[in-house]
Amino acid sequence: MQNIILTGNTLTLEDLVEVARHGATVELSEEARQNVITSRAIVEDIVAKDKVVYGITTGFGEFSKVKISQEDCAQLQENLIRSHACGYGPYFTTDIVRAIMLTRANALSKGYSGVRPQTLETLIAMLNKGVHPLVPEKGSLGASGDLAPLSHMVLPMLGLGEAEYQGVHMSGKEAMDKAGIPIIKLDAKEGLALINGTQVLTSTGALAVYDAIGLIKLSDITAALSVEALRGITDAYDPRIHVIRNQRGQMVTAKNMLKLLEGSTYATRQGELRVQDAYSLRCVPQVHGASKDTILYVKEKVELELNAVTDNPIVTREGDIISGGNFHGEPMAVVFDFLGIGAAEIGGISERRLERLINPQLNDLPAFLTKDGGLSSGFMITQYAAAALVSENKILAHPASVDSIPSSANQEDIVSMGTIAARTARDIIDNVKRVLTTELMAACQAIDFRANDGFVLGKGTKPAYDVIRRDVKFMERDNDIEMYKELDKITALIDSREILTAVEKAVELEY
């Protein structure tokens, strides 16, 4: 198990995944601790001198005009958390909650937020000991930070709210007690520092990006298997075509396809069986490549935001307190909308290849890939289900970032809706995974119909086929299977990355 050192400047997407999904522990660097102590001293000086500073000795939003007395500064912060914890809907999954906690701790560790070291250490202890606040998904505008969901994250630190500990939902206080973590009382600025940031939208989107990277590679594997099943033409992937367009993702995809299909005798050359293939086979480099470029761009933006200060006001190294707008989620909202669009396109082209695999009007295979058509429907309704997911993705891909509803008596008059963008990108990617699952299963079924012809699979497609066939066998007839269970097995192989790992032992894939 890894131990991730928080500096505020070096957190990577891979680090995030290790903590969120694999239980890596977290530790604050000594330099970060000193930066936190320095910024805290500045806040305490402001309170002691009774200066009027937003969020420290004033109310919030429209209430920034209200001066708060020195003796009420601590109560102000707890009141903030209690009132702002008004999220709704299903809870974020544990991996997303852990990612939120990590990214918030990393932002605070930069030393621009004015929290006490013990407050930050409490959040880190919860992460390391597995106290996971129950955080509703809905309720953030993605500006003024993710106020509502982050407030739910903070509640158990105060002995309030609810949390999950060792797989059991319980009160926040009980979870903290069982884990042996003392609850805290917030002091000046700390409530605002804990909830005023983009960590919910960034963490949700960051894990979606990580999953998208795996799926974009898998989509090339899936397409290559479909090319073999349909005896597609490899000339369309000739690098001489792609270099003269000079689009990075397109060139990478064409290279991947040739690597995967190397040595395949299922695949054909131009004129051998036909002159050209349909777009869903011929234009794989152009379509997959555009999505690869999208995902790479979003990943770069995510890794900047993972190490950003996004709360307000900012405590500068020079001792100034500046009220700005780093909490505004727009820089991430637009890229997560972009991520959703890029991912949706992968699902769209995959469903079209699935149709070519099962439609007897479009291939020379048995109708719906079944031996006893009529008595058995075979893969007929798998395409219905995939089409439904693709259609749903078209709705989900509508950009959230173009919307805004003013809040806080019009003080916060333009917001990002970035958390909605991140959640919909995540949902699109999950739908795409199931579409790719269906294409994989259908492609292997179609390949098996040609097995007696003595064809050989490609260098990269053979390992994928072998992993799938280990768990999911050729479907002889409908009464041998329950289709969703077979699809679930392949979905599990995608989630575990077993298919991708097996293929990448044979060929290196780029994205």
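Taken together, the values in this text are just the output of simple stated rules run on the coordinates, not laboratory data. Since this is a predicted model, take the numbers as computed values, not measurements. Cβ atoms come from the backbone with ideal geometry, glycine included; neighbour counts cover every protein chain shown.
Values of log10 I(q)/I(0) for the stretch 3-197 across q = 0.17, 0.19 Å⁻¹ run -1.13, -1.38, by the Debye formula with one identical scatterer at each alpha carbon and no solvent. With the convex hull drawn around the C-alpha atoms of the stretch 243-345, the volume per residue stands at 139 Å³.
Under the combined filter of DSSP loop state and at most 10 neighbouring Cβ atoms within 10 Å, the stretch 1-109 retains these trypsin sites (Lys or Arg not before Pro): 49. Share of pairwise Cα-Cα distances greater than 34 Å in the stretch 205-506 is 28 percent (whole percent). Each residue of the stretch 360-365 was assigned a 3J(HN,Hα) from its phi angle through the Karplus curve 6.51 cos²θ - 1.76 cosθ + 1.60 (θ = phi - 60°); the sequence is x, 6, 10, 8, 10, 9 Hz, with glycine and proline shown as x.
Of all DSSP-defined beta bridges confined to the chain, some 70% are antiparallel rather than parallel.
Rounded to the nearest whole angstrom, the semi-axes of the ellipsoid equivalent to the stretch 319-453, taken from the Cα gyration tensor as √(5λ), stand at 46, 13, 9, largest first. Across all directions, the average flat footprint of the convex hull enclosing the Cα atoms of the chain is 25.5 nm². Globularity index of the stretch 409-480 is 1.90 (Cα radius of gyration / 2.2 N^0.38 Å, N = number of residues). How large is the Kirkwood hydrodynamic radius of the stretch 192-315, in angstrom, based on all distinct alpha carbon pairs? 16.5 Å is the Kirkwood radius here. Taking Cα centre as origin and charging only the Cβ of basic (Lys, Arg, +1) and acidic (Asp, Glu, -1) residues, the dipole magnitude of the stretch 23-76 rounds to 220 debye. Among the trypsin sites (Lys or Arg not before Pro) within the stretch 220-279, which fall in a DSSP loop and have no more than 15 other Cβ atoms within 10 Å of their own Cβ? Counting only loop positions with at most 15 other Cβ atoms within 10 Å, the trypsin sites (Lys or Arg not before Pro) in the stretch 220-279 are 245, 269, 274.
Fully extending the segment from residue 45 to residue 262 would add 71.3 nm, taking 0.36 nm per residue of separation and subtracting the current Cα-Cα distance. Among the GluC sites (Glu not before Pro) in the stretch 212-295, those located in a DSSP loop and surrounded by at most 14 other Cβ atoms within 10 Å of their own Cβ are 272. Entry for the stretch 1-97 at q = 0.11 Å⁻¹: log10 I(q)/I(0) = -0.57, Debye formula applied to identical alpha-carbon scatterers, no solvent contribution. Here the Karplus relation 6.51 cos²θ - 1.76 cosθ + 1.60, evaluated at θ = phi - 60°, turns the backbone of the stretch 498-505 into coupling constants of 5, 5, 5, 4, 4, 5, 6, 6 Hz, with x for every Gly and Pro. DSSP bridge analysis restricted to the stretch 3-197 gives an antiparallel fraction near 70%, rounded to the nearest 5. Annotation for the stretch 127-147 versus the stretch 375-422: alpha-carbon center distance of 21 Å. Extending 7 Å from the Cα toward the beta-carbon at both residue 168 and residue 88 defines two label points whose distance is 3.2 nm.
Only helices enter this figure: runs of n ≥ 4 DSSP H residues, each worth -39500 (n - 2.57), summed and divided by the residues of the chain, yield -17500 deg cm²/dmol at 222 nm to the nearest 500. Note on the stretch 116-239: Rg/Rh from C-alpha atoms, Kirkwood Rh, equals 1.25.
Length gained on full extension, residue 138 to residue 364, computed as 0.36 nm times the residue gap minus the Cα-Cα distance: 76.5 nm. Close amide H contacts of residue 268 (hydrogens built in the peptide plane, cut-off under 5 Å, sequence separation of 5 or more or a different chain): 232, 233, 234.
Note that the stretch 177-194 has calculated 3J(HN,Hα) couplings of 5, 5, 7, x, 10, x, 6, 10, 10, 5, 10, 3, 6, 5, x, 5, 5, 6 Hz, one per residue in order, obtained from phi through the Karplus relation 6.51 cos²θ - 1.76 cosθ + 1.60 (θ = phi - 60°); glycine and proline are x. With 32 Å as the limit, write out which pairs from 459/489; 49/129; 173/394; 178/505 have Cα-Cα distances beyond it, or answer none. As for pairs spanning more than 32 Å Cα to Cα, those are 49/129; 173/394; 178/505. Semi-axes of the equivalent ellipsoid for the stretch 161-203, computed as √(5λ) from the eigenvalues of its C-alpha gyration tensor and ordered from largest down, come to 23, 16, 7 Å.
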